Amino acid sequence: PAPVKPPDGGWGWIVLLGCFVITGFSYAFPKAVSVYFKELMKDFHVGYSDTAWISSIMLAMLYGTGPVCSIMVNQFGCRPVMLIGGLLASSGMILASFTTNIIELYLTAGVLTGLGMALNFQPSLIMLGTYFDKRRPLANGLAAAGSPVFLSSLSPLGQVLLEKFGWRGGFLIMGGLLLNCCTCGAVMRPLDMGMKRKMGKAQDKYEAKEMLPIEGKSEEGISTTDGTKKAKKVKKKPKKGKKLLDFSIFSNRGFIIYTISKFILVLGLFVPPILLVNYAKDTGVPDTEAAFLLSIIGFIDIFARPACGVVAGLKWVRPHAAYLFSFAMLFNGLTDICSARASNYTGLVIFCVFFGISYGMVGALQFEVLMAIVGSQKFSSAIGLVLLIEAFAVLIGPPSAGRLVDALKNYEVIFYLAGSEVVLSALFLAMATYCCLNRGKKKEP
């Protein structure tokens, strides 16, 4: 049956606004929490790597629970899942404000809040994909802009809350802010399915012809009443299948190439922004100015993501979005490598400007490229499986970087390592796309 045509507007703009807020919390919150790490290290007598686990667990829950979110969305719908997620995310931060050791912080701020944000993030992207088609690159770019907007505001806000109320009061207020996720979940109205019913008997005949086996019985199924009953019985099967993950996407070479490149990318992508504030503080930068560095990244990122979404939506660019994505990753990795020796505040500001541009391009394109590869019908399963695979990279990347900082007391090596991983992912995506996909298309005709 033909799916409901995306309106590319209307209530979709409200859905886009909700996705904007959810994306902002999901990606900016784990980074903004790093403002509290210095105080947590003093109170709990732990090192960089121990506190970095808080952000890593949040991101790992955001990614690792992808298949669970896909199944829940297919069974219950986006709106109920997002409402539950908002309550979990808020309760996690509120409980974290009463913790007495670092393990309890892992379970509350890490696991519970991370799970809540995961139950909001994935359904919001699925809803965005159902409401937009022609304007989808622009919609993805605008929704992705929520991350820098929230990062540029949550980081200074966290510093202010830390100075006035301490880290416990800051966590409590942050938990209250996360209740806005419930409001965003409430506006995720499913597309009107009445459009399918208007097709009437012609639609039923088409469904019967498509679903019955092609052995000469399809015509009988259309013309006889027995056939229509069989068609209705067969129609029920795909509805049951929607509750499970569609593993057939692993037969798509483009999906496999995308997944491998994203795994390598995530190993190094989040390391610089997570360690940036502590690095600046160790070089003698005041706390307020150190927190402002994340705001610089966020401010540049705000304009980079929608602009990249507009470029990706151009007719001559959209078919080659994978190459634009690989260029964005290459730009990001080279920025990390070239800025590894930044030892003063001016150098760090320059790094933040270029990192914000490249990071915004990556953020605007990552899900657009995935939607283009697998299509909107299989996107809910594809994103769940991709996020699960990326979860392992998230658990390896930032904590390993924290271990190296504790051992070497040198951030230069960390920036070189993170940048090299991002560059490797860019080269792999571009070369594999050209060799495996483009050449395959030429041979098929």
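For the subset of the range 283-301 comprising residues that are on the phi < 0 side of the Ramachandran plot and free of Cβ contacts under 8 Å to residues at least 40 places away in the same chain, which member is surrounded by the fewest Cβ atoms within 10 Å (Cβ to Cβ)? Before you say what the answer is, go through the steps one by one.
The first filter runs over the range 283-301 and keeps only residues on the phi < 0 side of the Ramachandran plot, leaving 283, 285-301.
Filter again for free of Cβ contacts under 8 Å to residues at least 40 places away in the same chain, leaving 286, 290.
Details: Pro286: 11, Ala290: 24.
Ranking the qualifying residues of the range 283-301, first place goes to Pro286.
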Any pair with Cβ under 6 angstrom, 6 or more apart, that starts in the range 156-172 at a residue that is in contact (Cβ under 8 Å) with a residue 12 or more places away in the chain and ends at one that is open to solvent by less than 50 Å² (accessible area, probe 1.4 Å) and outside any helix (DSSP H, G or I): Arg168/Ser97; Phe171/Ser97; Leu172/Ser97
Qualifying residue in the range 370-385 (condition: aliphatic (A, V, I, L, M) and more than 17 Å from the chain's Cα centre (by Cα)): no
Which listed residue is in the same structural domain as Val285 (by the TED database), under 30 Å from Phe132 (Cβ atoms) and touching a residue at least 40 places away in the same chain (Cβ under 8 Å), from Tyr345, Tyr411, Tyr416, Tyr359: Tyr359
Residue tally, condition open to solvent by 10 Å² or more (accessible area, probe 1.4 Å) and assigned to a loop (DSSP other than H, G, I, E, B), over the range 98-128: 3
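Across the range 176-191, which residue is farthest from Gly10 (Cα to Cα) among those that are out of contact with any Lys or Arg (no Cβ under 8 Å at 6 or more places or on another chain) and open to solvent by 20 Å² or more (accessible area, probe 1.4 Å)? Break it down stepwise before answering.
Residues of the range 176-191 out of contact with any Lys or Arg (no Cβ under 8 Å at 6 or more places or on another chain): 176-184, 187, 191.
Of the ones still in play, those that are also open to solvent by 20 Å² or more (accessible area, probe 1.4 Å) are 176-177, 179-180, 182-183, 187, 191.
On the way: Gly176: 30, Leu177: 27, Leu179: 26, Asn180: 22, Cys182: 21, Thr183: 19, Val187: 13, Leu191: 11 Å.
The extreme case among them is Gly176.
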Members of the range 302-314 found to be crowded, with 19+ Cβ neighbours inside 10 Å and not in a helix (DSSP H, G or I), listed by number: Gly313
Count of residues meeting criterion [at pLDDT 85 or above and open to solvent by 40 Å² or more (accessible area, probe 1.4 Å)] in the range 315-344: 6
Pairs, first open to solvent by less than 20 Å² (accessible area, probe 1.4 Å) in the range 371-383, second assigned to a loop (DSSP other than H, G, I, E, B), C-beta under 6 Å, six or more apart: Ser381/Leu245; Ser381/Asp246
The one condition in (1) modelled with pLDDT of 80 or more; (2) under 16 Å from Tyr36 (Cβ atoms) that Pro306 fails to fulfil: (2)
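If you take the residues in the range 129-151 that are among the hydroxyl-bearing types (Ser, Thr, Tyr) and crowded, with 24+ Cβ neighbours inside 10 Å, which one is nearest to the chain's Cα centre (by Cα)?
Here is the first cut: in the range 129-151, the residues among the hydroxyl-bearing types (Ser, Thr, Tyr) are 130-131, 147.
Narrowing further to those that are crowded, with 24+ Cβ neighbours inside 10 Å: 131, 147.
On the way: Tyr131: 18, Ser147: 10 Å.
Among them, the one singled out is Ser147.
Conditions (1) under 24 Å from Leu267 (Cβ atoms); (2) at pLDDT 85 or above; (3) acidic (Asp, Glu), marked per residue:
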residue	(1), (2), (3)
Asp50	yes, no, yes
Tyr63	yes, no, no
Arg79	no, yes, no
Met82	no, yes, no
Leu95	no, yes, no
Leu107	no, yes, no
Gly110	yes, yes, no
Thr113	yes, yes, no
Count of the range 315-350 residues which are over 22 Å from the mean Cα position of the chain (by Cα), of a type in the set (Lys, Arg) and assigned to a helix (DSSP H, G or I): 0
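Taking the range 77-95 only, how many residues are open to solvent by less than 10 Å² (accessible area, probe 1.4 Å), of a type in the set (A, V, I, L, M, F, W, C) and over 14 Å from Pro190 (Cβ atoms)? Give the derivation first.
Kept after step one, since they are open to solvent by less than 10 Å² (accessible area, probe 1.4 Å), are these residues of the range 77-95: 81-82, 85-86, 89-90, 92-93.
Now restrict to residues that are of a type in the set (A, V, I, L, M, F, W, C): 81-82, 89, 93.
After this cut, where a residue has to be over 14 Å from Pro190 (Cβ atoms) as well, the list is 89, 93.
Of the residues in that region, 2 qualify.
Say whether the condition of being among the aliphatic types (A, V, I, L, M), in the same structural domain as Leu16 (by the TED database), surrounded by 16 or more Cβ atoms within 10 Å (Cβ to Cβ) and modelled with pLDDT under 80 is met by at least one residue in the range 164-175. Let's see the steps before the verdict.
To start, the set of residues in the range 164-175 that are among the aliphatic types (A, V, I, L, M) comprises 172-174.
Subset that is in the same structural domain as Leu16 (by the TED database): 172-174.
Now narrow it down to the ones that are surrounded by 16 or more Cβ atoms within 10 Å (Cβ to Cβ): 172-174.
Subsequent filtering for residues that are modelled with pLDDT under 80 retains none.
No: zero hits.
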Condition broken by Val353, with the remaining ones in (1) closer than 26 Å to Leu157 by Cβ; (2) within 16 Å of the chain's Cα centre (by Cα); (3) surrounded by fewer than 19 Cβ atoms within 10 Å (Cβ to Cβ) satisfied: (2)
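Residues that are crowded, with 17+ Cβ neighbours inside 10 Å and of a type in the set (Asp, Glu), at least 1 per element: which helices (runs of 4 or more DSSP H) completely within the range 1-76 meet that? Spell out the reasoning first.
On the way: elements: 12-32, 37-44, 48-64, 66-76.
In the range 1-76, 48-64 are the helices (runs of 4 or more DSSP H) which contain 1 or more residues that are crowded, with 17+ Cβ neighbours inside 10 Å and of a type in the set (Asp, Glu).
The values are calculated or read from the model by the stated rules, or taken from the named source; none is laboratory data. Here the structure is a predicted model, which means the values were calculated and not measured. Glycine gets a Cβ as well: all are built from the backbone with ideal geometry, and neighbour counts include every protein chain shown. The accessibility values were calculated without ligands, DNA or RNA, using every heavy atom of the protein model including side chains. Shrake-Rupley method; radii C 1.70, N 1.55, O 1.52, S 1.80 Å.
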